[in-house]
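See below for the structure under consideration.
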Amino acid sequence: MTQHVAIAIIGAGPAGIGFGAALKSYGFRDFVILEKGQVADSFRHWNPATRFISPSFTTNGFGFPDLNAVTPETSPAYTLGAEHLSGYDYAYYLQKVARLKALPVLSKTAVKSIRVLADQHYELQFANHAALIADFVLIAIGDYAYPFIPDVPGAAYGVHYAAIKNYQRFKAGQEQVIIGGNESAFDLAVNLAKKNIVSDLFATNSAFRSNDPDPSRRLSTYTYERYMAHADLINLAVGKTVLAIKHDRDGDDYVILFRDGTITKTHNQPIFATGFASAQSPLVKKLFVIQGNRPVLDLHDESTVAANVFMLGPQVQHGSVNLCYIYKYRQRFAPLAETILHRIGIEINPQVTAMYRRAGMYLQDFGQCHINCDG
C-alpha cells in the first residue's frame, strides 16, 4: 500500500529544513522531507573558495537571529565560529538543525515525477519506483542545482560558474572572460585575481552600478570590499548582451559576439556567471506557470494552477519583492505553515506565532517590503 502523508516537502536545504522546523514548532508531525542526496546537498557541491555574502553573527538573545539561521533559536555563527560560511559549513549547520528538531528527512530519495490525482491529492513517484501520496506539496529545491545559461548559439562552448569546483586549472598571467556582472561574476573574478589573473566581465547590466539599498539589487558589501582589493585585475563592461559564441578551431580561440555589434576573443573557455533558475526543473514546470524564469505565485506562495502546491526558497517573488536571501525567505516559513494547518483544520498555537514575530521571521504583507521586510 502506498504511504500517505499530509505534507511532502521536496528538498532538505535551508527552505525545506526551516519549514520542517516550523511545522515541528507548531506541534505538527504528519510530514516528510524528501531529499535526492543528503541534507544541504547543493551546499556540499560549492567551490570551497565560495563563501556566503550575508554575514553570520550571533545576536539571537537580542531578538535578531543570525541572518543565515533557519530557526529563531539557532545560529550558524555560534555553531561554526565563522562569519562568512563555506558550503560545507552551512551543510553542517543544517544537518545539526535537522537532528536537533528530529526532522523526518528521507535522504537519497529523488522525486522523479508528481501526478495530480482526481481528488487533488498528489502522487510523488521516486527514482527507485516507490511512491508517496500527499495532500500538500512544498517545493523547496533551491536553485543552485539549476544553473542558468542564456539560450544563444554556441552557449555549449562556455561553462557555468557552478561547474568551477576549484581554481587549480587557471594559470597566472592568463586572461579570463566572464559573462555576467553580479555576485557570482565578481566572486569568480576576485578568486582569479588572487592568482594574478585578469578577468573581463561582460554584462547586460550589473549590480555593481546600482545605488539601490536593497542588497538583492546591488553588489554586497562583502563582495565590493573584496573587489576593491583587486580592482586593477577586474574589468567590467556593461551593456554587453551576448548574441552568440563561436570557436575558432584554427586559432583555438573563442569568439563572443555582442548585440551592440562588437566582438571579443579569448583563448580560455568563457564562463557564464548568469545565475540560477529552478524553473528549469520538470517538477516546477509541471506544477507552476513560469514567467521570466520564475514561478507565478499567489499571495500565499501557492501555485496558480495546482491547489495546495507551494513554493519555498530563493525563487519566491511577489511583484518587485524578491526573497532571494535566507533572511528574507525564512520569513515565510511560519505564515505558510499556518496557512496549511488552517486548511487541515488544526488550531494554531499563538505562542509559536509570537516567537516567529519577535524574531523578525514572520512576513505576511508584501506591501510592507521596501528596503527591509519585517512583516
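The values are calculated or read from the model by the stated rules, or taken from the named source; none is laboratory data. Not measured: the values here are computed from a predicted model. Positions of Cβ are generated from backbone atoms using ideal geometry, with glycine treated the same way; all protein chains shown enter the neighbour counts. The accessibility values were calculated without ligands, DNA or RNA, using every heavy atom of the protein model including side chains. Shrake-Rupley method; radii C 1.70, N 1.55, O 1.52, S 1.80 Å.
For the chain, adding -39500 (n - 2.57) for each run of n ≥ 4 DSSP H residues and dividing by the number of residues yields -6000 deg cm²/dmol at 222 nm. Relative to the dominant Cα principal axis of the chain, helix 183-193 is inclined by about 50°. The alpha-carbon of LYS165 sits under 24 angstrom from the alpha-carbons of these lysines, leaving out residues fewer than 8 places away in its chain: LYS36, LYS108, LYS194, LYS195.
When each of the peptides 151-163, 313-325 is scored by the mean number of other C-beta atoms lying within 10 Å of its residues, the order from highest to lowest reads 313-325, 151-163. Ordering PHE136, ALA98, TYR146 by the projection of their Cα atoms onto the charge dipole of the stretch 89-173, which places +1 on the Cβ of Lys and Arg and -1 on the Cβ of Asp and Glu, puts ALA98 at the extreme positive end. Expressed as a whole percent, the accessible surface of the chain that belongs to carbon and sulfur atoms is 51, based on a 1.4 Å probe.
Residue separation times 0.36 nm, minus the C-alpha to C-alpha distance between LEU106 and ASN235: what's the value?
Roughly 41.9 nm would be gained on extension.
Cut-off 10 angstrom, C-alpha nodes, Gaussian network model of the chain. Which of GLU123, GLU225, GLU73 fluctuates the most? Among GLU123, GLU225, GLU73, the largest GNM mean-square fluctuation belongs to GLU225.
Database remark: amide H of HIS4 closer than 5 angstrom to the amide H of ILE133 (H placed geometrically; neighbours at sequence offset of 5 or more, or on other chains; Pro and chain starts carry no H). In this structure, the amide hydrogen of HIS84, modeled 1.01 Å from its nitrogen in the peptide plane, lies closer than 5 angstrom to those of SER56, counting only residues at least 5 positions away or on a different chain.
Using a 10 angstrom cutoff on alpha carbons, build the Gaussian network for the chain and name the most mobile of VAL111, VAL137, VAL305. Checking each option, the largest mean-square fluctuation is seen for VAL305.
Between HIS318 and LEU323, the built amide H atoms are under 5 Å apart, and every one of these is 5 or more places off in sequence or on another chain.
The HN-Hα couplings worked out from phi for the stretch 289-298 by the Karplus form 6.51 cos²θ - 1.76 cosθ + 1.60 (θ = phi - 60°) are 6, 10, 9, x, 6, 10, x, 7, 10, 8 Hz, whole numbers, x standing for Gly and Pro. Calculated FRET efficiency, LEU117 to LYS285, Cβ-Cβ distance, R0 = 22 Å: about 0.70 to the nearest 0.05. The C-alpha atoms of the chain define a longest principal axis, and helix 87-100 lies at about 0 degrees to it. Comparing ASP119, ASP232, ASP253 in a Gaussian network model of the chain (Cα springs below 10 Å), the most mobile by mean-square fluctuation is ASP119.
For the stretch 277-282, backbone phi angles converted through the Karplus equation (6.51, -1.76, 1.60; θ = phi - 60°) give residue-by-residue couplings of 8, 5, 4, 6, 5, x Hz, Gly and Pro being listed as x. The phi-based Karplus calculation (6.51 cos²θ - 1.76 cosθ + 1.60; θ = phi - 60°) puts the 3J(HN,Hα) values of the stretch 32-42 at 9, 10, 9, 10, 5, x, 10, 3, 6, 4, 4 Hz, whole numbers, x for Gly and Pro.
For the stretch 273-360, the residue among PRO350, SER281, VAL296 whose Cα projects farthest onto the positive side of the dipole built from Cβ charges is SER281.
The mean sequence distance of close C-alpha pairs (under 8 Å, at least 6 residues apart), as a share of the length of the chain, puts its relative contact order at 17 percent.
The listed residues MET228, MET311, once ranked by accessible area (1.4 Å probe) with the largest placed first, stand as MET228, MET311.
For the stretch 209-247, the residues whose backbone nitrogen is under 17 Å from a point 7 Å from the Cα of LYS265, taken along Cα to Cβ, are 245-247.
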